[in-house]
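Worksheet for the structure shown next.
Rule-based calculations on the coordinates, nothing more; no lab input. If you're wondering where the values come from, they're calculated on a predicted model, not measured in any experiment. When we count neighbours, we look across all protein chains shown, and the Cβ atoms used for this are built from the backbone with ideal geometry, even at glycine.
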Amino acid sequence: MLKRMEGANIKNLISDQMSNRQIIKDFISSFISSLSGKAFNFALGLMLLDQTKSAMSFGINMIIYPLVSLIFLVPIGNLVDRYRHKKILIYNFIFRLIIFLLFYAFYFLTNSSTILYLVIPFVILHSITVNINDTCYSASIHELVNDTKIQRLSSVTQTAIAIATMLSPAIGVIFYNWLGFSGFILIEIIANLLALGVLLTMKFFYEHDGQEAEIKQNEKHQHGVKEIIRFLKENQIVKYIILVSVVLNFFYTSISIGVPFVVKEQLLLDNATVGILETMSAVGMLLASVSMSLLPDKKENNTLLSNRIRIPLFLLTIAIVGLGITFATSNTQVIISSVGGLFMGIIAFTLVILNIVVMTYLQSSIETNYLGRVMSTLFTLNTSIMPIGTIVFTYLFQKDINGGLIFIFGGVSLLIYTMIMLPRIYRILQKEHTY
C-alpha cells in the first residue's frame, strides 16, 4: 500500500512536456477556483454582517467546514478511491453550479431574519463540494503528471492559492460594493464554469482501464474508518506525518487569531500594523511556493525527507518564539511591523515548504486507490483541530496573559514535540531507505 514511486506504466505514458501542460492548466484552474472562492466567502461575510450585525458573520465557514469534513470523512474518502477522478470532479462541479443557481434564486426571497435559513444549508452543501474537490485533486496527482513533476505541481498549486489569498479580500470588497451580493453569486457561477472548462481539457491517465471495475470488486474488503486505521497501523510514517501536521495546525491557530488581538488590544496599535503583518505572511507564502516551483525536478521525490522537514520545522519554532519575544518586549509600531513582519513571513514560508514537501512525499508514496482516504483523513483532522485551537487560544488571549508569552510557550512546546517526533520519523524512513 505504501511504496516508492508507484505507477511505472503511467510514468511512461506522461512525458515531461505533457506534464508541464497539465501543470499550467492546474495553475489556471486552482487560481480561478481559489480566487473566486475566497472572494465569495469574504463577500458572504460582508453580506451576513450587513444583514445580521453579528460578529459570527465571518466565522460561519470556520464552524461548518470542519464539522462537514468530519461527518463526511469516510464517504468522501471512499468515493474518491473507488471511481475515476475526472468523472467525480465533473459531477462535483455540476452539483456546485446547481447549488449556486438555487442559492441565487432563493436569495431574493429572504430578509435579515430569514437569511441564515438559506445560508447555513448552502454553506453545508458547498463545503461538501469543496472537500470532494480538494481530496480528489490531491488523490489524482499521479494521473496528471509523472513522478518527477509532482513537487512542481504541488508548488505551482500553492503559488496559485497564495496569489489568490493576497488578492481575494480587495476583490471581494470591490465587487461587493459594485455589484452587490447577488451579482457576486453570478460571478462565482461564471468562475466555476471557467474552472470546469479547464478541467475538461485536462487529461487524466489511469493505471489501467479496469481500475474502476477492480476497485468496485474490492469494495467489500473496505470498512471505512476500520480500513483507514488498519492502513495507518501498517504505514507508521503516514501516521506520524498526520500527527505532526495536526499539532502544527493546532499551534498555528494561536498565530491566526492571536496576532490581530495582541497588536490591537494589548499593544494598542492600529489596523495598518495588522495589515503589514498579514501582508508579510502572504509574501512569505508566495515566496515559498514560487521557490519550490523553481527547484529542478527530482528523480527521487522522497530523498532526504527527514532533512527536508527538519530544517523548516526548527525554523518555524524559532520564528514563533521570536515573534513572541518581539511582542513581549516592544510596543513600537516600527519594531512590531519590521521585526514582527519578518517573523510572520518566516512562519508562512516554512509552513508552505513543509506542506509541499509532505504532500509530495505522500502523493509519491501512497497507492492511488488509498490516496483519497489518506488525504481526506489528513484534511479532516487538520480542519477539525483548528476550532479546538481557536477555543483554547481565545480563552488564553482573553485572560490577563501577555500575548507574547503565549507565542513563546507555543513555540517552545512545538520545539519539544518536534524533537520527540523527528527521531521516530527518521528511524522509520531509515528502514524504508527514504531518508
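Observations on the structure shown:
- Positive-pole candidate from 158, 206, 66, dipole of region 8-220, charges at beta carbon: 158
- When you count the other C-beta atoms within 10 angstrom of each residue and take the mean per peptide, 342-353, 105-116 line up highest first as 342-353, 105-116.
- Membrane-span-like helices in the chain, defined here as complete DSSP H runs extending at least 27 Å along the helix axis by their C-alpha atoms with mean Kyte-Doolittle hydropathy no lower than -1.0, are 16-52, 85-107, 115-139, 150-201, 236-261, 271-294, 305-329, 341-365, 368-398, 403-432; this is a sequence and geometry rule, not a statement about a membrane.
- When each of the peptides 330-337, 381-388, 176-183 is scored by the mean number of other C-beta atoms lying within 10 Å of its residues, the order from highest to lowest reads 381-388, 330-337, 176-183.
- Three-way shape call for region 297-414 based on the alpha-carbon gyration tensor, with the a/c threshold at 1.5: oblate
- Theoretical gain in end-to-end length, residue 118 to residue 234 [0.36 nm per residue, Cα-Cα removed]: 37.3 nm
- Counting only DSSP H runs of at least 4 residues, each contributing -39500 (n - 2.57), and dividing by the residue count of the chain, the helix-based mean residue ellipticity at 222 nm comes to -28000 deg cm²/dmol.
- Extension gain for residue 314-residue 202 works out to 36.5 nm (0.36 nm per residue, less the C-alpha to C-alpha distance).
- GNM top mover of 26, 147, 270 - the chain, alpha-carbon springs below 10 Å: 270
- Calculated log₁₀ intensity ratio I(q)/I(0) where the Debye formula runs over C-alpha points of the chain, q = 0.10, 0.11 Å⁻¹: -0.74, -0.91
- Residues 15, 154, 293, sorted so that the one with the fewest Cβ neighbours within 10 Å comes first: 15, 293, 154
- Across the options 232, 377, 179, the greatest Cα extent toward the positive end of the charge dipole of the chain (unit charges at beta carbon of Lys, Arg, Asp, Glu) belongs to 232.
- Farthest toward positive dipole pole in the chain [+1 Lys/Arg, -1 Asp/Glu at C-beta], among 105, 121, 241: 241
- Fraction in percent of alpha-carbon pairs per bin - 5 Å, region 8-220: 1, 7, 13, 17, 19, 16, 11, 7, 5, 3, 1, 0
- In plain terms, the chain from residue 412 to residue 67 could stretch by 121.2 nm, reckoned as 0.36 nm per residue minus the Cα-Cα distance.
- Using only side-chain charges placed at the Cβ, +1 for Lys and Arg and -1 for Asp and Glu, the dipole size of the chain relative to its Cα centre rounds to 700 debye.
- Net dipole in debye of region 282-398 [+1 Lys, Arg Cβ; -1 Asp, Glu Cβ; about Cα centre; nearest 20]: 100
- C-alpha center-to-center spacing [region 381-435, region 14-82] in angstrom: 25
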